[in-house]
Each structure stands twice: as C-alpha cells, then as structure tokens.
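K.L.:
Input: one structure, supplied below.
All of the numbers you see were taken from the coordinates with simple rules; none came from a lab. On a predicted model such as this, the values are computed, not experimentally measured, just so you know. Glycine also receives a Cβ, built like all others from the backbone with ideal geometry; neighbour counts cover every protein chain displayed.
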C-alpha cells in the first residue's frame, strides 16, 4: 500500500562520506518510494512510541513491506521522562533477542525523544548500525532529527550520554504535523523562531508575517518554515559536525532552557517550551550586555507569545534563579566552570562566558514579569 | 617524580584528523614527558582497576602532577565479568558528580577491560571526551588499546554495545609487563601469534625462534613483539577503521574464541586464552577447507602450547559444539545468519562464511584431542 507523495524540498547535510538528504514533503513516510534506495537489510527495526505508533506505524510498515525478511517493531513509552538508559535497554533487547546483525537498519519514527534514543542505540549497537530518521513532530523535523546528535539523559543531567552519529536519511513528512497536539506544535515553533536571531533576520521577519498561518497549520507556511530551518541547520552542521565552535549557536536559549527542564523535572515543560522561555531570557541577557536593544527582545517575546510559548517563568513553579544557575554548572555547554551562553547581536550569534550575577538578574526579571 | 624513560619504537595510526601515536618503551607511564603535549584539561580522570591501580596508580598520578586542576581517580573491579553497563555507570558517575566538562581527559590505565570500558565512556560522555590508553597487559598493548574499538558486554553477547573511538595516544610501557601474572602473559601472546598467519609469516618464524625468550620476559624480545604487533595493527586499522572489510582479519580465532568465552562464562578463560584455542580451531577449519596443510596447523599448535595457551577444549568443561555454534549466531561477526570465520592460507587471511557442519566437526575434533 502506497499513498501518493510529494517532495517539496531537499536539504543536503554535507559531511563527506556521512552526507545525507533531509527530504521535506507530503505523504513521505507511507510511500515506498521514500525508501527504495536504502539498504535492504535482512532484519530491520522500527522504533516508535505509544502515541505515534498507533497513528503512523501501520503506514510505515506497509511502505516497507517486502524490503526486509523480518521487520521488528518496538513502541517505547512516550515522553522526555523515558529518554533513559532503561529505555535504551529495551531497544538493545529488541535487537539482540532476534540476533539482529550489524547491517540491521533502524527506523526512528517519532519526535525528538524517539529520534535521540533510537539514534543513540543505532550509534552503539555493535559499534554502529545504519538508521533513518522519520520525525513526526515539528521540533524533530526542524531540529533534533537533523545533524546527528543522539543522546539519553542521566539523572544528573540532560543529554549527558550520547554520540554524534548521522542518519542515512531524514524524512520530514508534513502530513504528520496534522495530528500534533497544540502544545507540541508550539514547542516546535520555538526551535523555528531560534533560527531567525542566530542566522537569518529576514526569516525572523517572515515568521512575524506568517506566525498566525503557522499556528493554523497552513501547509505552505509549515513547508517553508521546515525547509528554511533545515537548510540553516544543515549548513551549520556541515561546517562544524562535532560542535567545536560554530554549531554551538544552535543552542540559543538552551542553557536557560535545559536548566528549566531539569529544574521543573523532565516532562513538566516540553523541551521546546523551555527553549522558548530560555530564548527570551537569552535575549534579555544579550540586551543587558549591550548587544541588542529592547526592540529585538520585544519582537522575540511577541513572536513566542503568538506561537503559544511561555515567555516568563512563574515563581509559583518553585524554581529559584540560584537553583537554575546551579543546574547550568553541570550543563554540557559549561566549560572549566564558566557558564556559556549563546548571545545575539541582531545580525548573528556568538558563544560567550557570562558571570552568574547578570544571569541571576535576568532570571529574576523574567520571574517578576510573571508575578 | 619522574623516572627516566626510553621510547623504543613509535607506530603511527594514520586516520586523518584522528591520527595518533602508539609509543612503545620503558618507564613511559611514570614519566611526565609522555604527557607534556597532551591537553591540560581543568579536570581529568584516571580509570584503572583494583589490581593495576595499587601497582601503577601512584606513578601515573606523580607523572601527571600539576597538569590538571583536579585529577580524579577511579578503581573498577578487575575482570571481564565487570565489563558491563553497571561498571560503565560508575565511570559516568565519577565524571558527572564533580561536573566534569566535555574537555575532561580520561586516562585508561590497565588491561583490555579497563581500556574498552573507559574508552567507551570517553566515546559517549557528553558525546565524546578525549582519552589516552595506557595498557598494562601484553594483550592490551598488542591489540585492544590500538585501533579505537571500545565496548561493553551485554548479557546476550560480548562487545555488543560499543563505539569506534580513537584515543589521543597509546603508551605501551614494557616495564608494566614485569608484574603480569603468567596466565595474562600467555593470553597476550595469543594475540601476538595471531599477527603471523594473518599478515606476516616471517614474524611467525621469528616467534618460533623467540617464544622461550618471550615467556621468560626477555625485554628485547618483548619490545620487538609489541612493536611488530602494533605496526601490523596500525597498518590494518589505518586502511579500514570501521571494519568494512580488511580489519576483520584481526579477528582470527575470535569467532571460536568468543563462543568459548561466552559458553564457559566470562572470566573462566581469559579472552586471550579463548582466542588461542579459537585460533587452533580456525586453523583446523582452514585446513579442512583445503586452504592450508597440517604443517601450519601443527606449527600454530606448538607455538600456542609453548606460549602456555590451551589448544584443546576439554569436553569435561561442559561446552558442547552445538552450544558453541548457537552462541556464534549472535556474534557481531555473524551477518544474515551466516557464520563468518577468518581463515588463513599460509600467506594471508580472508573472511569467509562457513556452514555449521564443518564447524561442528572441527570443534568435535579439538574436544576429542583433549579427551
């Protein structure tokens, strides 16, 4: 069974012998044509979760019919709280019990958590098996499925255990966004908005014009937002795969965001929601350090609000500024004890070490605005 | 404190931006000069075990004095039985509790297990931190520390979870071999002997001349054996880092060997002992398939015997040929259900799929010889 599909755009992630395409279009995941030139391993494994599996698992299985002698299927529990070594163990078991060999192809069907944990399993099972990303959330389509960052969380920190490991292909099926919960759509828009201030102010202006269309899931608007986001990400990753320098700008809002996620407890706020609020804090910090004026902070704040994202952190949530700074100390972006932030200047982004004091001030300001 | 040291040989593992040196010599691990051009990260971690730590931990710490603001130290339990995800968790905890950042340098001081598990932790902590191999067993010096294979075992199979991840340097300190238990020396000699039939028949002849000197730990003989082994391995790895083809010849004796290890229970036989016996089985299989004559099988058998290695598998150990073949089915080297073996022809090695029947026959023969 194959539904008609349309490729609207293709972004190439150029990484020598690890290069691959991000295909963006409609009906891609259920179309056999999306897979025809991928390896036909004897065994293969679909990794998905209990939310996405019932919606798209059957379509993917149908599109893959006949490609593999055995097609295994694994549904993980849904949510950031399950991005753990225990969940990883479920994937290893699903591979080892039927003696999957090192040519086994893994299909990661789902959002950021499925992609990260299935990608990490692919990176480490028998020292690496091939995998394909089929992101079904906006956040995964515009960010986490592209670029080869895979990871699981550790009780002591987010994404602490992981690998850089590139997929063979990324299939962004825009049709999958139709079933996305509104909160999930908003969370994805946070990562879309991010690309404006760090790389493309014209895209920021486009987002200001089309935010209502995006929230209303206008297909043409979503297609352009996903395409532009993937193009920027592919370009940055192609220049700096392992985040020696440039790639770090993709973490705009993430130092604050990760501290919010960890501080509130994984799963309280979605990753994208924490990043949205974190971006506003990072914009305030950029302003405080004289890099931008209040105008850009206001633009970003309004845009995030229109996207349905939280832009303040209510003190009632019980996360103090001091605790947030403490959590930042164990963040991967921290080096030699210095807190590193992605700051914007209205043209491009930079990574800069910042003292704790202005950081605490900015968090306090955002909390005061919420009160 | 710095003891005088002497570099006797250096082998370059040529892997573009991941290239590094294997230094072979005396007094290397306790000499500050061995480390002076390595990164001086703020924090660093020595990973060793309860056998090696008390012998060489203090010398390494002294040689590293002043290089790092904080030098952490972790002793793992000793033995293949501890090459597990639980042990890996101990290393992650030792890195995360003091908030080690992604520039933290890991020193792996010990045998193959320490190198494999500490290397795997380095590969995956924050998606990769730099590490240095300081192998203290003959097996680790001639084989496991060179080439970037890192892994842990899974209850369902050996080295099933791992990564290709190269160290910054390998320091083979021949002085460390003085304290090696005789069984450990023999186990290392198995991997040394391996290089003869797969790559260098002249080296095999040299080993026949010098086996007594090696067993007596003659420094000059050991130095040459380590140097020649590392040179062959560096050459093979430089041509095929991720084992797409050629590198597989380094697994001579390992399909049988891994099945022996798993079948008897990890830790019953040392890895090198199982490989020694596995090599003899692989030689018999090569002969059975008409690739070599009985003369070479006899030469390898005598050489392994002189090295103190088991060359037969007593039926009294309770491991049946059928069970061994079953275990081979889940081996990483198995692809599409076909058992793959490294076979030798008296000049070079090849990887070949073999039916179960001749494999069962060969194991039965080796068991009959033991009875």
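K.L.:
Could you check which residue among A:334, A:255, A:84 shows the biggest mean-square fluctuation in a GNM of chain A with a 10 Å Cα cutoff?
P.N.:
A:334
K.L.:
Computed over the Cα atoms of the stretch A:90-163, what is the convex hull's projected area averaged over all directions, in nm²?
P.N.:
The orientation-averaged projected area of the Cα hull of the stretch A:90-163 comes to 4.8 nm².
K.L.:
Could you work out [θ]222 nm for chain B from helices alone, using -39500 (n - 2.57) per DSSP H run of at least four and dividing by all its residues? Round to the nearest 500 deg cm²/dmol.
P.N.:
So the helix-based figure for chain B works out to -13000 deg cm²/dmol.
K.L.:
Can I ask one more? How far apart, in nm, are the 7 Å Cα→Cβ label points at residue A:293 and residue A:329?
P.N.:
Here the modelled spin labels are 3.9 nm apart.
K.L.:
So for each of A:73-83, A:262-272 I average, over its residues, the number of other beta carbons within 10 Å; can you give me the resulting order with the highest mean first?
P.N.:
A:262-272, A:73-83
K.L.:
Looking at chain B, what % of its DSSP beta bridges pair antiparallel, to the nearest 5?
P.N.:
45 percent
K.L.:
So how far, in whole Å, is the C-alpha centre of the stretch B:1-48 from the one of the stretch A:319-371?
P.N.:
The distance from the Cα centre of the stretch B:1-48 to that of the stretch A:319-371 comes to 38 Å.
K.L.:
Just the number, please: Stokes-Einstein D of the stretch B:235-371 in µm²/s, Kirkwood Rh from C-alpha pairs, 20 °C, 1.002 mPa s.
P.N.:
This corresponds to a translational diffusion coefficient of 143 µm²/s.
K.L.:
Moving to a separate point now. How far is residue A:62 from itself in the other copies, in nm, if each label sits 7 Å out from Cα along the Cα-Cβ line, shortest first?
P.N.:
7.3
K.L.:
Same structure again: Using a 7 Å offset from the Cα along the Cα-to-Cβ direction at both residue A:40 and residue A:242, what is the distance between the two label points in nm, to one decimal?
P.N.:
3.7 nm
K.L.:
Where does the stretch B:280-356 land on Rg(C-alpha)/(2.2 N^0.38 Å)?
P.N.:
Details: Rg = 13.6 Å, N = 77, 2.2 N^0.38 = 11.5 Å.
My calculation over the Cα atoms of the stretch B:280-356 gives 1.18.
K.L.:
Over 13 Å, how big is the tail of the calculated P(r) for the stretch A:43-84, in percent of all Cα pairs?
P.N.:
Values: 466 of 861 pairs.
In whole percent, the share of Cα-Cα pairs in the stretch A:43-84 beyond 13 Å is 54.
K.L.:
Please average, across the residues of A:127-133, the number of beta carbons from any other chain that are within 10 Å of each residue's own beta carbon, and give a whole number. Don't skip to the answer; put the middle values down first.
P.N.:
Working: counts 16, 5, 0, 0, 0, 0, 0.
Rounded to a whole number, the mean comes out at 3.
K.L.:
Just checking the output field for B:337-347: average partner chain Cβ neighbours within 10 Å of each residue's Cβ?
P.N.:
Details: counts 5, 2, 0, 1, 0, 0, 0, 0, 0, 0, 0.
So the per-residue partner count for this stretch is 1.
K.L.:
Something else now. From the alpha carbon gyration tensor of the stretch B:6-179, can you work out the equivalent ellipsoid semi-axes (sqrt of 5 times each eigenvalue) and give them in Å, largest to smallest?
P.N.:
Its equivalent ellipsoid spans semi-axes of 21, 18, 16 Å.
K.L.:
Apply the Debye scattering formula to the stretch B:189-228, with a single equal point scatterer on each alpha-carbon and no solvent, then give log10 I(q)/I(0) at q = 0.14 Å⁻¹.
P.N.:
-0.24
K.L.:
Looking at the protein assembly as shown only, what percent of DSSP beta bridges run antiparallel? Nearest 5 please. If you can, show how the numbers build up before the last one.
P.N.:
On the way: 40 of 86 bridges.
Of those bridges, close to 45 percent are antiparallel.
K.L.:
Please average, across the residues of B:156-163, the number of beta carbons from any other chain that are within 10 Å of each residue's own beta carbon, and give a whole number.
P.N.:
Per-residue shielding by partner chains comes out at 5.
K.L.:
Set the Förster radius R0 to 51 Å, insert the Cβ-Cβ distance between residue A:356 and residue A:178 as r into 1/(1 + (r/R0)^6), and round the FRET efficiency to 0.05.
P.N.:
0.70
K.L.:
Also, I was wondering about something else. Just to compare against my own numbers: the Cα pair-distance distribution for the stretch A:157-241, 10 Å bins, whole % per bin, please.
P.N.:
Once binned at 10 Å, the Cα pair distances of the stretch A:157-241 give 15, 44, 33, 9.
K.L.:
So, in nm, how far is label residue A:364 from label residue A:320 when the simple model puts each one 7 Å beyond its Cα toward the Cβ?
P.N.:
Distance between the two pseudo-spin positions: 1.3 nm.
K.L.:
A follow-up question, please. Show me the ranking of peptides B:181-189, B:319-327 by mean Cβ neighbours inside 10 Å, starting with the highest.
P.N.:
On the way: B:181-189: 20.6, B:319-327: 17.0.
By packing density, highest mean first, the sequence is B:181-189, B:319-327.
K.L.:
Report, for residue A:183, each distance to the same residue's label point in the other copies, shortest first and in nm; define the point 7 Å along Cα→Cβ.
P.N.:
5.6
K.L.:
In Å, what Kirkwood hydrodynamic radius results for the stretch A:213-286 from the alpha-carbon pair distances? Don't skip to the end; give the middle numbers.
P.N.:
On the way: mean 1/r = 0.0718 Å⁻¹.
That comes to 13.9 Å for the stretch A:213-286.
K.L.:
Stretched out fully, how many nm does the piece from residue A:336 to residue A:10 gain, at 0.36 nm a residue minus the Cα gap?
P.N.:
The span from residue A:336 to residue A:10 would gain 113.4 nm if fully extended.
K.L.:
Equivalent ellipsoid semi-axes for the stretch A:177-311, as square roots of 5 times the alpha carbon gyration tensor eigenvalues: give them largest first, rounded to whole Å.
P.N.:
With the √(5λ) rule applied to the stretch A:177-311, the semi-axes are 20, 18, 17 Å.
K.L.:
Put the label 7 Å from Cα along Cα→Cβ for residue A:21; what are its distances to the other copies, in nanometres, shortest first?
P.N.:
Distances to the matching label points in the other copies: 4.6 nm.
K.L.:
Something else now. How would you rank A:14-23, A:110-119, highest first, on the average number of other Cβ atoms within 10 Å across their residues?
P.N.:
Working: A:14-23: 15.3, A:110-119: 28.8.
Order by mean packing, descending: A:110-119, A:14-23.
K.L.:
Show me, bin by bin at 10 Å from 0, the whole-percent P(r) of the protein assembly as shown based on Cα pairs.
P.N.:
So the P(r) values, bin by bin, are 3, 14, 23, 23, 18, 12, 6, 2, 0.
K.L.:
How far, in degrees from 0 to 90, does helix B:85-96 lean away from the longest principal axis of the Cα atoms of chain B, to the nearest 10?
P.N.:
Compared with the principal axis, the helix lies near 20 degrees.
K.L.:
Let me ask something else. Using only the Cα atoms, work out Rg/Rh for chain A, with Rh taken as the Kirkwood radius, to two decimals.
P.N.:
Rg/Rh for chain A comes to 0.96.
K.L.:
In addition: Hey, what D do you get for the stretch A:55-138 in µm²/s if you plug the Kirkwood alpha-carbon radius into Stokes-Einstein at 37 °C and 0.692 mPa s? Provide the component values of the computation, followed by the final result.
P.N.:
Values: Rh = 13.2 Å.
Stokes-Einstein gives a translational diffusion coefficient of 249 µm²/s.
K.L.:
Sticking with this one: Restricting to the stretch A:6-179, what percent of DSSP beta bridges are antiparallel, rounded to 5? Don't skip to the end; give the middle numbers.
P.N.:
Numbers: 12 of 35 bridges.
About 35 percent, rounded to the nearest 5.
K.L.:
For a quick check, take a GNM of chain B with Cα springs below 10 Å and name the residue from B:39, B:135, B:98 with the largest mean-square fluctuation.
P.N.:
B:98
K.L.:
Once the Cα atoms of helix B:271-288 and of chain B are each reduced to a long axis, what angle between those two axes, in degrees from 0 to 90 to the nearest 10, is obtained?
P.N.:
30 degrees
K.L.:
Taking 0.36 nm per residue of separation and subtracting the Cα-Cα distance, what length does fully extending residue A:17 through residue A:217 add?
P.N.:
Net length gain for the segment: 68.4 nm.
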